[in-house]
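The values are calculated or read from the model by the stated rules, or taken from the named source; none is laboratory data. In this text, all values refer to a predicted model and were calculated from it rather than measured experimentally. Here Cβ is always computed from backbone atoms with ideal geometry, including for glycine, and neighbour counts include all displayed protein chains. Note: accessible area is taken over every heavy atom of the protein model, side chains too, but ligands, DNA and RNA are not part of it. Shrake-Rupley method; radii C 1.70, N 1.55, O 1.52, S 1.80 Å.
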Amino acid sequence: MDFDNSATTLEFFNFTPEQLSAERDHLVKSLIKRAIESAMQKIETPATTALLAQKKDAVMCLMQEACAKKLDCLRQLDKKTFEVPSHVLLIKDFDLEQQLTSAEEQAKFEQLEELKLRYRENMAMLAELVAEQEKFTAIEPLIEQELQVHQLLYEACANSDHKNIHKFAHQLVADMQNEKSDD
């Protein structure tokens, strides 16, 4: 966490996740210490006083190690929970808010209305283009058929004798009728 984020978190929550974790660690240590001292007082005798005093620190360390993993999870949770995201506006950011005059608001409103009108016009144009595309798609087979007729005509002209043009025309009509009857 960088300094700016830490300062923002401190300003917003009045504490940082690190402070919260440090307080929790201190509280856990003091609770462990009190629990061990309470247990020692209950079982203490003049003969066991020295032995209990020697083992007190070792038992405290073992208990703190047992709690360490859970405390690490809580530290991570604190960092996630007590963090102000960068996209959140703070009170100090309201000074940066732009105050519009009534003329500027009217200009923005007019601009919005103009954009709405352009949007409607564009949607109408899009609908026209879709309808036009459907028309072209519908006549595409006819265009393909016309191109085939042209190709047949070119092939026939290349192979035909110009003197017998009337036979050629009759042959072409017969071919066309045969193709239509095949479809």
Would you please list the contacts, defined by Cβ atoms under 8 Å and residues six or more apart or on different chains, that run from a residue in the stretch 29-40 that is more than 9 Å from Met63 (Cβ to Cβ) to a residue that is outside any helix (DSSP H, G or I)? none
Got a sec? Which of Glu114, Glu110, Glu97 is open to solvent by 100 Å² or more (accessible area, probe 1.4 Å), modelled with pLDDT under 90 and farther than 21 Å from Thr16 by Cα? Glu97
Sole exception among (1) part of a helix (DSSP H, G or I); (2) modelled with pLDDT of 70 or more for His87, by number: (1)
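Among the residues of the stretch 127-138, are any among the hydroxyl-bearing types (Ser, Thr, Tyr), at pLDDT 90 or above and part of a helix (DSSP H, G or I)?
So in the stretch 127-138, the residues among the hydroxyl-bearing types (Ser, Thr, Tyr) come out as 137.
Adding the requirement that they be at pLDDT 90 or above leaves 137.
Filter once more, keeping what is part of a helix (DSSP H, G or I): 137.
Yes, there is a match, as at least one residue in the stretch 127-138 is among the hydroxyl-bearing types (Ser, Thr, Tyr), at pLDDT 90 or above and part of a helix (DSSP H, G or I).
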Selection within the stretch 13-28 - surrounded by 14 or more Cβ atoms within 10 Å (Cβ to Cβ), among the aliphatic types (A, V, I, L, M) and without any contact (Cβ under 8 Å) to a residue 60 or more places away in the chain: Val28
Hey, among the residues in the stretch 10-56 that are within 52 Å of the chain's Cα centre (by Cα) and of a type in the set (Asp, Glu), which one's farthest from Val88 (Cα to Cα)? Asp25
